[in-house]
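Peer 1: Quick one: the structure is below, questions incoming.
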Amino acid sequence: MRISLSKAQHLLETGHLVALPTETVYGLGALLKYPQAIDAIFTLKGRPNNNPLIIHLAAVETMAPWVEELPEQIGQLAETFWPGPMTLVLKVKPEFVPERARAGLPTAAFRIPSQPQTLELLAKCGPLVMPSANLSGRPSATSAQHVEEDFGFSFPIVDGGACQKGLESTILMHDGQKWVIIRLGALQPEVFVPVLGYLPPIQHAQKGAIPLCPGQHYRHYSPKAKLTLSSQFSADSKGIVLGFSDAAYPPGCHVKILGSLKQPEIVAENLYSVLRQLDEQKIHYALVDMRFPREGLWLTIAERLTRASVFQEVRQLP
Ligand code: TXA
Ligand code: MG
């Protein structure tokens, strides 16, 4: 159900959940101050309890008193990239941030989104926890229709149209020496160089190790269709190919276009929508054309496609 901002404010303030647009993906919002609403997020999404949530704010001043340690260059990062698709994981004073939101970790994740309706709501209602508005494991929602697919037509949604970025925020944390990227996202690693003076390393989840970003532990971004990553296509490549408008495919291949190899931003914007269309069209199997560069935004696109294609068993962290 599409609702107005004032209705969204009323629902949130009475302890309900509302789906909200952001510039990255739609979020499933609950007020940080309502523990039962936070619980409802985990239940509704089917989200593992040990996967913490991002706290969304309207202004840095709100979180400043909650933070235990302010790592170097945090001011420059916040000034340059907020409001926007950057999330920072920071050590917090536990009494200020509900344990449930941070899944018991000594840290919490913070972001100031730039989508105007949601920013306005945050300024009116106060901080919201907001995971992506999809059932756990499914591709994130980048339109109100995607939210309805996962949560039904009666679920309250503020419709902000299609999300501009189409990929989740880039998450950084400071390891004591430098900032590291713990989840690739809508901001490519290179954009941090002018601010930090170095390229923040990408911290990949290691097998068997506790990942810095708990969400990276789980199956994610997956349509029901089985995806196979490929760099070779022949006339008898069976099924659908997820590919590019300016790449060559043998005759007979059925290509579903993700965008152009020259415009990774458009590919990013379309990605989850195309993955969701596979399910809508009852396609059970697709090859994914991985013949694209491994730099900039393509790194995030490659990571999402790889994770969408791999079944990772959901298991509890030790
Ligand atoms: O763009 C986005 O970030 C979207 C929009 C709605 O803002 N939100 C989003 O939330 O992607 P979610 O819940 O789908 O992903 C949040 C990720 C998870 O992988 C979680 O493990 C990680 O952030 N995270 C949250 N708190 C953390 C913490 N204290 N330490 C490490 N990772 C954390
Ligand atoms: Mg998510």
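Peer 1: Please work out which one of (1) among the charged types (D, E, K, R); (2) at pLDDT 95 or above; (3) within 12 Å of ligand 1 (Cβ to nearest atom) is the condition Arg138 fails and give its number.
Peer 2: Condition (2) is where Arg138 drops out.
Peer 1: Between residues in region 131-154 that are under 18 Å from Thr24 (Cβ atoms) and residues that are within 10 Å of ligand 2 (Cβ to nearest atom) and among the acidic types (Asp, Glu), which pairs lie under 7 Å by C-beta distance while being six or more apart or on different chains?
Peer 2: Ser132/Glu168; Ser140/Glu168
Peer 1: Among Val97, Val129, Val92, which is of a type in the set (Val, Ile, Thr) and within 15 Å of ligand 2 (Cβ to nearest atom)? Before the answer, list the steps.
Peer 2: Values: Val97 fails: within 15 Å of ligand 2 (Cβ to nearest atom); Val92 fails: within 15 Å of ligand 2 (Cβ to nearest atom).
The unique qualifying residue is Val129.
Peer 1: Just a yes or no: is a residue in region 136-144 under 16 Å from Ile38 (Cβ atoms) and within 16 Å of ligand 2 (Cβ to nearest atom)?
Peer 2: Step one: list which residues in region 136-144 are under 16 Å from Ile38 (Cβ atoms), which gives 136.
Checking the rest, the ones that are also within 16 Å of ligand 2 (Cβ to nearest atom) come to 136.
Yes, region 136-144 contains a residue that is under 16 Å from Ile38 (Cβ atoms) and within 16 Å of ligand 2 (Cβ to nearest atom).
Peer 1: How many residues does region 93-103 hold that are in contact (Cβ under 8 Å) with a residue 40 or more places away in the chain and more than 10 Å from ligand 1 (Cβ to nearest atom)? So that I can check it myself, show each step before the final result.
Peer 2: Let us first name the residues in region 93-103 that are in contact (Cβ under 8 Å) with a residue 40 or more places away in the chain, namely 97-98, 100-103.
Filter again for more than 10 Å from ligand 1 (Cβ to nearest atom), leaving 98, 100.
Total satisfying the criteria: 2.
Peer 1: Count, please, the residues in region 65-77 that happen to be under 13 Å from Ala109 (Cα atoms) and in a helix (DSSP H, G or I).
Peer 2: 1
Peer 1: Further, regarding this structure: Can you tell me which of Val158, Val195 is among the hydrophobic types (A, V, I, L, M, F, W, C) and surrounded by fewer than 20 Cβ atoms within 10 Å (Cβ to Cβ)?
Peer 2: Details: Val158 fails: surrounded by fewer than 20 Cβ atoms within 10 Å (Cβ to Cβ).
Exactly one residue qualifies, and that residue is Val195.
Peer 1: Here's another thing I want to ask about it. Tell me which of these Gly104 doesn't satisfy, since it passes every other one: (1) in contact with a Gly (Cβ under 6 Å, 6 or more places away or on another chain); (2) assigned to a loop (DSSP other than H, G, I, E, B); (3) of a type outside the set (A, V, I, L, M, F, W, C).
Peer 2: Unmet condition: (1).
Peer 1: Right, another one. Residues that are among the polar types (S, T, N, Q) and more than 20 Å from Asn50 (Cβ to Cβ): does region 117-138 have at least one? Full working, then the answer.
Peer 2: First pass over region 117-138, keeping only residues among the polar types (S, T, N, Q): 117-118, 132, 134, 136.
Add one more test, that the residue is more than 20 Å from Asn50 (Cβ to Cβ), and what stays is 117-118.
Scanning region 117-138 turns up at least one residue that is among the polar types (S, T, N, Q) and more than 20 Å from Asn50 (Cβ to Cβ).
Peer 1: Now a separate question. Away from ligand 2 (no atom under 16 Å from the Cβ) and surrounded by 23 or more Cβ atoms within 10 Å (Cβ to Cβ), is that true of Leu77?
Peer 2: Working: away from ligand 2 (no atom under 16 Å from the Cβ): yes; surrounded by 23 or more Cβ atoms within 10 Å (Cβ to Cβ): no.
No, not satisfied.
Peer 1: Starting from region 104-123, take each residue that is at negative phi and of a type in the set (Lys, Arg) and list its partners that are buried (at least 23 other Cβ atoms within 10 Å of the Cβ) and in a loop (DSSP other than H, G, I, E, B), counting only C-beta distances under 7 angstrom and pairs at least six apart or across chains.
Peer 2: Hits for this filter: Arg111/Ser169.
Peer 1: Within region 25-55, track down each residue that is more than 11 Å from Ala133 (Cα to Cα), within 12 Å of ligand 2 (Cβ to nearest atom) and of a type in the set (Val, Ile, Thr).
Peer 2: Passing the criteria: only Ile54.
Peer 1: Yes or no: His284 away from ligand 1 (no atom under 16 Å from the Cβ) and surrounded by fewer than 19 Cβ atoms within 10 Å (Cβ to Cβ)?
Peer 2: Values: away from ligand 1 (no atom under 16 Å from the Cβ): yes; surrounded by fewer than 19 Cβ atoms within 10 Å (Cβ to Cβ): yes.
Judged against the criteria, His284 is a match.
Peer 1: Those residues that are more than 11 Å from ligand 1 (Cβ to nearest atom) and either within 26 Å of Lys165 (Cα to Cα) or at pLDDT below 95 (or both), I need them from region 39-56; list them, please. It would help to see each step written out before you state the result.
Peer 2: If we filter region 39-56 for residues that are more than 11 Å from ligand 1 (Cβ to nearest atom), which is where we start, we get 39-40, 43-44, 46, 49.
Hits for region 39-56 are Leu44, Gly46, Asn49.
Peer 1: Now for a different question. Out of Pro189, Pro211, Pro223, I need the residue that is at pLDDT below 95 and farther than 20 Å from Thr142 by Cα. Which one? Outline the logic, then answer.
Peer 2: Values: Pro189 fails: at pLDDT below 95; Pro223 fails: farther than 20 Å from Thr142 by Cα.
Being at pLDDT below 95 and farther than 20 Å from Thr142 by Cα holds for just one of Pro189, Pro211, Pro223, which is Pro211.
Peer 1: Further question: Here are the criteria: (1) touching a helix residue (DSSP H, G or I) at 6+ places or on another chain (Cβ under 8 Å); (2) within 12 Å of ligand 1 (Cβ to nearest atom). Tell me which single one Phe151 does not satisfy.
Peer 2: So the condition that Phe151 fails would be (2).
The values are calculated or read from the model by the stated rules, or taken from the named source; none is laboratory data. Just so we're clear, the structure is a prediction, and the values are computed from it rather than from any experiment. Methodologically, a virtual Cβ is constructed for each residue, glycine included, from the backbone with ideal geometry; neighbour enumeration extends over all protein chains shown.
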